[in-house]
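Notes follow the structure.
The values are calculated or read from the model by the stated rules, or taken from the named source; none is laboratory data. Because the structure is predicted, anything quoted here is derived from the model rather than measured. Quick reminder, even Gly has a Cβ in these numbers, built from the backbone with ideal geometry, and neighbours come from all protein chains shown.
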Ligand code: FES
Ligand SMILES: [Fe+2]
C-alpha cells in the first residue's frame, strides 16, 4: 500500500486524488487550483534550489541583477569580497522595492521611499539623519538586513533557496550531477551568458511547461514536425513516424525529478549520418563531431575537467535536452544550420510562476567563454532561431500551453487526467557508466513521471 | 546607425541610440517621403494578409533584421536600455526565408493563424550616406487576435529601418525593432514586426 500524503484541500480533495500514483495519472485540476498554487509556493518554491542567472552577468564588485524566486523579487549582487549574494528586494522598513533597475552597478542600494540603505550582501547600513535613529531606538541593526537567501554556484549558474537548513545543492542534484557536469562543468573557464535573458509571459500555470521539462521527448515528433520538414533532422515529412528521429537514446533521471535525454548525434541529424563512429576512440569521435559549443581546440579541456567516462559519453551519446525540477529546461543542442555550420545552441529556461494562471518564460543563452567571438555570434543566432521568444521550435510550445490551460478551467475538463502510462522501467544498458534511473530505447513517460513524483514528495511535506 | 553585436552579458556594453540619426531630413509630403510611406503601408498589408511571398520580395539579400531586448534601468544608466547584446529576433535574409517557409508547412504557432493589424505611424525619413538609401523610423502598434480569445495580444515598438531604392522599388536592408516591453506580454513572436 502506498503511504498517503498529508495535503488536503478545503473541499476534501487530497494530493492522492490529484496525483494518482497507482495509475500514473495527474488530474488536470492541478493546473488551475488556486489553493494548490499557494501550497506549491510554500512547499516547493520556498524549499528547493532555484536558478537565478549566471555569474558572468555580474563580473565586478557592486554589479547586480534583479530576478524572481517565484513571486518574490530578489537582488542578486556581487560584493567587494567577490561573493554572490541573493537578498529579498523588499525594504524591511515599509515594503518598497529597494532596487528598481533590472541590472547595473551599485556599491549601495538605497530605498527611494525613506532612504534606508543596504550593502550588496543585503546588510543594513542605516537610515538618513543618523542622529535621529529613524530605524528605531533600541534595534539591533542586523535584524534590519534584507532577508538573505542561501546561495550556491554550479558551473557559474547562480542558484538560491530560502531553505537555509535544507538539502545541499549536491543532494538536490543527486545522481544527475554526473551528466549535468558534462554540460556545465566541462571547460576551464566555463560558460558565459551572451546577454541579458529574453523574458515573456504566458497565460498558463507553471506546471504546464514544467512537466514538459521533465524530458518530454515524444512531443517533438508531432508538435515540432517542422524540424523534420525543414530537413535538418533525419527523415522527411513523409517518414517522420517511421523513422522517429531523435526518439531513441538513453533517458537519464533521478528521484529528485531532474532528467536529461542522451542522444547519439549521428542518429539524430541528417548531416552527421555519414560520420563513421564505429571503432573510433573518444578523442577521434570528438574531433569528428565536437559537442555543441565546443571547438576542436577546446577538446583537451574536456579531458582536464571531466572523468574519462564522462568525456566518452559526451563524445558518443551526449546529454542534449532535459530539465531540473521544478522549473528549468535545458537545451544544449547541435542546431545544424542550412549554411553547413553546426556550432550548436546552448539555452536554459526557467518557468517562473506569476500566479496560478501565469508563468514567465526566461530564456538564457550561453556560449563557452573560450569560444571564438565568431562562434559566439553564431550560437546566439542559432539559439534565437530555435528557442525562446521567436524560436522556431519553441513558438509551437508557447502555442500549446495556454490552450491546455484554458481546458483546465472547464468543470468537466478539470476531471480529465494527464497520462504517464507509457513506462519503460529502469534498465541499465550494457557498459553504461553513470548512475541514476536509466531508460534506454524509445523515449517514454518515465522521466516525466519522476518529475511528478518529485512534485508529490515535496507537496506531501508541510 | 550601429548594428554591432558584442557578446557579453554585463549590460553596460550597450548604446543609447534611438530614432533618426541622419541629419539630411526628407520632409513630410515630399515625393520620396510619400513613396516610402506607401511602401510601409504595403508592407503592413502584406504581413497582415499573410502574403509572405509579397513580403519577402520587399527584403534585400543583405538584410539585417533585429529586435534587441529592453531592460529597466535607473540612475546614470537610466537611458541605456536597448540591449544590443541579446535579441528577440536576430535575422538574415536566409533565416527569414526559413521562417516564412516554415509558416507554409507545420508551424502550429500560426496554424490556425492569428489575425493581426499593424498600425504604422510617426514616420520620419532621412537620407543615408549611400545614395538611394533612406533611414526610415516609424512607430508600430501590433494588435494580434488569437483563437477564440476576445482579448488581443499587443506590442508597441519603434522601428529603425534602412530602405534602398532598387530600380524604382524600395527594399528593406536594415530593421531594428525596439520593443517597449522588458517582459513581453505576447506569448511568442511567431509574427513579424
Ligand atoms: S520603505 Fe524603504 S525606506 Fe521606507
Ligand atoms: Fe517543445
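Annotations for the structure displayed:
- Test: residue A:182 is within 14 Å of chain B (Cβ to nearest Cβ) and crowded, with 17+ Cβ neighbours inside 10 Å: no
- Residue within region A:434-443 that is buried (at least 20 other Cβ atoms within 10 Å of the Cβ), within 16 Å of ligand 2 (Cβ to nearest atom), in contact (Cβ under 8 Å) with a residue 40 or more places away in the chain and within 30 Å of residue A:174 (Cα to Cα) present: yes
- Here residue A:367 fulfils each of the conditions (1) more than 16 Å from ligand 2 (Cβ to nearest atom); (2) closer than 23 Å to residue A:195 by Cβ; (3) in a helix (DSSP H, G or I); (4) at the interface with chain B (Cβ under 9 Å from one of its Cβ atoms) apart from (3).
- Total residues in region A:292-310 satisfying the condition of being in contact with a helix residue (DSSP H, G or I) (Cβ under 7 Å, 6 or more places away or on another chain) and without any contact (Cβ under 8 Å) to a residue 60 or more places away in the chain: the figure is 3.
- Region A:62-98 - residue that is more than 16 Å from ligand 1 (Cβ to nearest atom) and assigned to a loop (DSSP other than H, G, I, E, B) and, of those, nearest to the chain's Cα centre (by Cα): A:70
- Only a single criterion out of (1) away from every other protein chain (no Cβ under 14 Å); (2) within 16 Å of ligand 2 (Cβ to nearest atom) is not satisfied by residue A:403, namely (1).
- Counted residues, region B:113-125 - those being within 12 Å of chain A (Cβ to nearest Cβ) and either crowded, with 16+ Cβ neighbours inside 10 Å or touching a strand residue (DSSP E or B) at 6+ places or on another chain (Cβ under 9 Å) (or both): 1
- Residues (within 12 Å of residue A:400 (Cβ to Cβ) and more than 9 Å from ligand 2 (Cβ to nearest atom)) located in region A:212-223: A:222
- Qualifying residues in region A:374-400 (those that are under 19 Å from residue A:156 (Cβ atoms) and away from ligand 2 (no atom under 16 Å from the Cβ)) - the one surrounded by the most Cβ atoms within 10 Å (Cβ to Cβ): A:379
- Residues located in region A:40-60, provided they are buried (at least 20 other Cβ atoms within 10 Å of the Cβ) and assigned to a loop (DSSP other than H, G, I, E, B): A:48, A:49, A:58
- Residue B:35 being farther than 25 Å from residue B:145 by Cα, in a helix (DSSP H, G or I) and at pLDDT 95 or above: yes
- Candidates are the residues of region B:38-61 that are touching a helix residue (DSSP H, G or I) at 6+ places or on another chain (Cβ under 6 Å) and part of a helix (DSSP H, G or I); the one that is nearest to residue B:143 (Cα to Cα) is B:47.
To keep it simple, each residue is scored yes or no on (1) in contact with a strand residue (DSSP E or B) (Cβ under 7 Å, 6 or more places away or on another chain); (2) more than 7 Å from chain A (Cβ to nearest Cβ); (3) surrounded by 20 or more Cβ atoms within 10 Å (Cβ to Cβ).
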residue	(1), (2), (3)
B:64	yes, yes, no
B:67	yes, yes, yes
B:71	yes, no, yes
B:83	yes, no, yes
B:89	yes, no, yes
B:92	yes, yes, no
B:104	no, yes, no
B:111	no, yes, no
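- Scanning region B:118-146 for residues that are under 17 Å from the mean Cα position of the chain (by Cα) and closer than 21 Å to residue B:188 by Cβ gives B:118, B:119, B:140, B:141, B:142, B:143, B:144.
- Scanning region B:170-193 for residues that are without any contact (Cβ under 8 Å) to a residue 60 or more places away in the chain and surrounded by fewer than 17 Cβ atoms within 10 Å (Cβ to Cβ) yields B:183, B:185.
- Helices (runs of 4 or more DSSP H) enclosed by region A:126-233 - at least 3 residues per element that are under 28 Å from residue A:51 (Cβ atoms): A:169-173, A:177-184, A:207-212, A:219-223
- Per the listing A:103, A:160, the residue uniquely more than 16 Å from ligand 1 (Cβ to nearest atom) and within 14 Å of chain B (Cβ to nearest Cβ) is A:103.
- Residue A:202 being within 29 Å of residue A:154 (Cα to Cα), at the interface with chain B (Cβ under 10 Å from one of its Cβ atoms) and within 16 Å of ligand 2 (Cβ to nearest atom): yes
- In region A:107-120, residue farthest from ligand 1 (Cβ to nearest atom) [restricted to those that are part of a loop (DSSP other than H, G, I, E, B) and surrounded by fewer than 19 Cβ atoms within 10 Å (Cβ to Cβ)]: A:107
- For the residues A:209, A:197, the requirement of being within 14 Å of ligand 2 (Cβ to nearest atom) and surrounded by 23 or more Cβ atoms within 10 Å (Cβ to Cβ) singles out A:209.
- Total residues in region B:164-193, condition over 12 Å from the mean Cα position of the chain (by Cα) and closer than 25 Å to residue B:130 by Cβ: 8
- Every residue from region A:375-400 that is facing chain B (nearest Cβ under 10 Å), more than 22 Å from residue A:217 (Cβ to Cβ) and in contact (Cβ under 8 Å) with a residue 12 or more places away in the chain: A:375, A:376, A:379, A:380, A:384, A:389
- Answer from A:228, A:233 - the residue that is touching a helix residue (DSSP H, G or I) at 6+ places or on another chain (Cβ under 9 Å), at the interface with chain B (Cβ under 10 Å from one of its Cβ atoms) and either within 16 Å of ligand 2 (Cβ to nearest atom) or modelled with pLDDT under 95 (or both): A:228
- Sole exception among (1) within 14 Å of ligand 2 (Cβ to nearest atom); (2) surrounded by fewer than 23 Cβ atoms within 10 Å (Cβ to Cβ) for residue A:177, by number: (1)
- Sole residue being more than 16 Å from ligand 1 (Cβ to nearest atom) and closer than 27 Å to residue A:302 by Cα, chosen from A:155, A:166: A:155
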